[in-house]
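Notes follow once the structure below has been shown.
What follows draws every value from the coordinates through simple rules; no lab data is involved. Because the structure is predicted, anything quoted here is derived from the model rather than measured. For neighbour counting, all protein chains shown are included, and Cβ atoms are generated from backbone atoms with ideal geometry for every residue, glycine included.
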Amino acid sequence: MDVQRNPAHEPGTGLDRRAELSEFLRTRRARLKPEDVGLPDFGRHRRVPGLRREELAQLAGVSVAYYTRLEQGNGQNVSAEVLDSIARALRLTDAEHSHLTHLAKPKQHKKKPTARAQQVRVALRQLLDSIDGVPAYIVGRRSDILAWNRMAAAVFGDWAELPPQERNWARLVFLNPAYRELYVEWDQKQSDMVSFLRMDAGCHPDDPRLSALVGELSLKSEEFRRLWARHDVKEKSHGVKRLRHPLVGELTLSFETFRMVDDAEQSLITYHAEPGSPSAEALRLLASWGTDATRAGRTAPHA
């Protein structure tokens with residue numbers, strides 16, 4: 001079986017980095033209460049939720065005027081030390097800290113053709129095809145599904161049956177209702193998907209295709225709009241997913257994420273079951289059914 005690839009999406013316009021920085025800082029500040037950071041709360045009415053700007057500036061050891069400029073989106077000339085202090089004051093996670101750094105101090109990249117599709121190396125496609133009994137696929141920028149193996153098609157549906165522009169996890173989650181039946185923890189899947197996309201936006205705020213994708217999802221999905229406005233960010237790493245498969249029922253699978261050393265914008269995602277578990281037996285059955293299981297994958301999630 002040939003591993004499939006996903007051509008480039010149509011370009012759009014870039015995201016406003018200053019607005020992204022402003023909203024991210026504002027939402028992180030709004031989620032903190034004075035008692036969360038060791039400040040006294042005298043019970044006075046607060047016009048806005050969370051810490052005041054002057055309280056956050058005090059915690060970070062910067063002037064109120066300096067922090068206000070940063071929260072207004074002006075990250076020019078901000079030092080790494082100041083960003084570290086603000087990250088500590090805001091109790092940011094490692095992923096959030098990285099996101100803040102990308103927004104405030106974007107790396108200067110050489111101009112690259114934005115229309116060029118990401119390519120999966122031949123050796124990686126061969127590796128996917130050789131992985132037997134383990135669903136695996138490669139994702140790239142904007143949550144594009146770049147390549148996958150037969151077991152991934154059997155579990156998640158054969159993405160080859162979709163138009164190329166639909167081979168994108170964010171589109172599948174928010175625009176394909178059938179995927180709601182596939183994931184047991186559906187709310188968590190939606191939240192995670194938006195957090196991953198937000199992380200990508202912080203690294204590539206000038207990506208026109210990403211902006212076009214966000215715009216389309218915002219227009220078509222009220223749930224996406226709500227989650228996008230939260231400005232939560234997360235890096236995909238490892239964990240457990242529970243799925244409802246049309247042939248074998250509920251699956252409990254552990255997933256691992258392997259970022260490519262020579263291309264950090266591509267990641268190999270694998271799923272496996274605990275040895276001897278009902279889920280392991282279910283995967284074995286799917287593997288033994290071969291193309292029949294793949295056909296079931298085509299018709300269920302993508303119907």
Q. Long-range amide H contacts for A136: which residues qualify at under 5 Å (H placed 1.01 Å from N, peptide plane, sequence gap of 5 or more or a different chain)?
A. N149, M151, A152
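Between rounded, prolate and oblate, where does region 210-279 land on the alpha carbon gyration tensor, with a ≥ b ≥ c its root eigenvalues, rounded for a/c under 1.5, else prolate if a/b exceeds b/c?
Working: a/c = 2.64, a/b = 1.46, b/c = 1.82.
Because a/c hits 1.5 or more and a/b fails to exceed b/c, region 210-279 counts as oblate.
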**Q.** Length added when fully stretched, A264-D84, from 0.36 nm per residue minus Cα-Cα
**A.** 62.4 nm
Q. About its Cα centre, what dipole magnitude does region 59-207 give when the only charges are +1 on Lys and Arg Cβ and -1 on Asp and Glu Cβ, stated in debye to the nearest 20?
A. 660
Q.
Suppose the chain between Q165 and Q119 were pulled fully straight at 0.36 nm per residue; how much longer would it get relative to their current alpha carbon spacing?
A. 15.0 nm
Q. Rounded, prolate or oblate: which fits region 241-291, taking a ≥ b ≥ c as square roots of the Cα gyration tensor eigenvalues, rounded meaning a/c under 1.5, else prolate when a/b beats b/c?
A. prolate
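Multiply the residue separation of D206 and D187 by 0.36 nm, subtract the distance between their alpha-carbon atoms, and state the gained length in nm to one decimal.
Working: separation 19, 0.36 × 19 = 6.84 nm, distance 2.88 nm.
4.0 nm is the gain from fully extending D206 to D187.
Under the classification rounded if a/c is under 1.5, otherwise prolate if a/b is larger than b/c and oblate if not, where does region 164-272 fall, given a ≥ b ≥ c as square roots of the Cα gyration tensor eigenvalues? Show your work: numbers first, answer last.
On the way: a/c = 1.82, a/b = 1.21, b/c = 1.50.
Oblate shape, in that a/c is at least 1.5 and b/c is the bigger or equal ratio.
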